[in-house]
1. When you go through 206, 234, 249 one by one, which is the residue that is of a type in the set (A, V, I, L, M, F, W, C), farther than 22 Å from residue 314 by Cβ and buried (at least 21 other Cβ atoms within 10 Å of the Cβ)?
2. Can you pull out every residue in segment 326-346 that is more than 11 Å from the ligand (Cβ to nearest atom) and within 19 Å of the chain's Cα centre (by Cα)?
3. Scan segment 47-69 for residues that are near the ligand (Cβ under 6 Å from one of its atoms), in contact with a helix residue (DSSP H, G or I) (Cβ under 6 Å, 6 or more places away or on another chain) and under 17 Å from residue 338 (Cα atoms) and jot them down.
4. For segment 94-180, list the helices (runs of 4 or more DSSP H) that sit wholly inside it and hold at least 2 residues that are over 25 Å from the mean Cα position of the chain (by Cα); which are they?
5. Checking the conditions here, which among 47, 35, 41 is more than 25 Å from the chain's Cα centre (by Cα) and surrounded by fewer than 24 Cβ atoms within 10 Å (Cβ to Cβ)?
6. Please go through segment 261-276 and give me each residue that is outside any loop (DSSP other than H, G, I, E, B), more than 19 Å from the chain's Cα centre (by Cα) and within 15 Å of the ligand (Cβ to nearest atom), ordered by number.
7. Inspect segment 8-25 for any residue being away from the ligand (no atom under 14 Å from the Cβ) and without any contact (Cβ under 8 Å) to a residue 60 or more places away in the chain and give the result as yes or no.
8. Given the residues 73, 62, which is the only one that is within 12 Å of the chain's Cα centre (by Cα) and of a type in the set (Ser, Thr, Tyr)?
Amino acid sequence: MVKGSVPNTADAVVVGAGAIGASVAHHLAAAGLGRVVLIEREAGPARGATGACAGGFRQQFSSARNLALSMASVPMILGFTAEHGLPLDLHQDGYLFCYRDEASWATACAAAAQQRAAGAKVDCVSPSEVAALLPGLSLDGLVGATYGPEDGIADPAGLTQGYLTLARRGGTRTCFGVEARTLQMTGDAVTGVETTAGVIATPVVVSATGPTAADLPATAGVDVPVTPLRRHVVVTGSFPGCPRRHTLVVEAATNFYFHREGRGVLMGMPATGERPGLSAPEPEDFLAGELLPEAIRVLPALAEAAVAAEWAGYYEMTPDAHPVLGPVSGLAGLWLANGFSGHGFQQAPIVGKLLAEWIVEGAPRSVDVSSLTLDRFTTGRLLAETQVV
Ligand SMILES: Cc1cc2nc3c(=O)[nH]c(=O)nc-3n(C[C@H](O)[C@H](O)[C@H](O)COP(=O)(O)OP(=O)(O)OC[C@H]3O[C@@H](n4cnc5c(N)ncnc54)[C@H](O)[C@@H]3O)c2cc1C
């Protein structure tokens, strides 16, 4: 097959082979949509936000919608291998949010009570319980932590590859090295997508384009308020005192986080004064001046660790830190799965399922996501999420 070729027609075109697009393609094919085509401008899958991702999944969200999405999605991650017979590297060692002042601890406990009322497994634990869970974590000023024992980490690229394998088994054609340039329209309906390898006529285009999600819909005059926000990740080599558990620890005051990765740890943190945009300037001295001092403050044993790898990726932020899902009012055929604001990996399984239900059956049945359509930005029905890590 010629690299980068595309078919002339399809029943649905999914744009983007990150975790979201791969899940959407699989679920569309599994729902029997017909000829599904997945196009990706890079030479392989998971090269956008998914490839930079820390892989955390959790039930600790302040928003009922994000919580509902995670509670439906996380079991699909946990059960992926059993259900599909495909490998997925996964550690269910929990998520620990650490609080070092009384006021934020009180707020966190109230939020945890709400999460429990919604069915999530979240415990409020004491500093001594934290010490037992994660020996070596600084207890300096620690008031308490919220712990989600059913939370964990998994391999984002592995999940993406898994869904692509399933999508191909279901008949999906995957086309790498192909960029979607413009949406083609007849009246108020999408009739195709023009790509770098030719036009694909289709009545359904699913835009799963990650941090640059605003670009393709803009070719049809649709404003999708997704902004890229750079986030750095550092992975260390082995060091004495490296935690054995893979618990994802978040220092709530700074949003510094880490989890065991290989023989070291993977860690990240927002930079002070971070600015959105693909061309936002690199924060000066972030690694030596901000990330590493905070890392050593939280886990003092990291003072002996060496940096083994580092990279940056982009969150796909919306104004209310919730995804934009579903159809676009007044424009038939364009479907959005965008704006996951730092938590899209864990939502990918259920988002694929919901989009397939919406497109094939006419409504998203598994989770009520009616509040997550694009029109909330024009009608002012914005949501709120305070636990963006
Ligand atoms: C540093 C970092 C840490 C993170 N940690 C977590 C975490 O712990 N847990 C969690 O749940 N989430 C986390 N996230 C967020 C998560 O990675 C994203 O929300 C998720 O991967 C988004 O998946 P996606 O498929 O929508 O986007 P992407 O993975 O970016 O995929 C979009 C794809 O679309 C392609 N594309 C774009 N435009 C076009 C076009 N016109 N034509 C063809 N192809 C196109 C891109 O090349 C890309 O491959 C993290 C993100 C970052 C950056």
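The values are calculated or read from the model by the stated rules, or taken from the named source; none is laboratory data. Note that the coordinates shown come from a computational prediction; the quantities given were computed from them, not determined experimentally. Positions of Cβ are generated from backbone atoms using ideal geometry, with glycine treated the same way; all protein chains shown enter the neighbour counts.
1. Criteria check complete, one pass: 249.
2. Answer for segment 326-346, where residues must be more than 11 Å from the ligand (Cβ to nearest atom) and within 19 Å of the chain's Cα centre (by Cα): 326, 335.
3. 48, 49, 50, 53
4. Fully inside segment 94-180 and qualifying: 102-117, 127-133.
5. Of 47, 35, 41, the one residue that is more than 25 Å from the chain's Cα centre (by Cα) and surrounded by fewer than 24 Cβ atoms within 10 Å (Cβ to Cβ) is 35.
6. 265
7. no
8. 73
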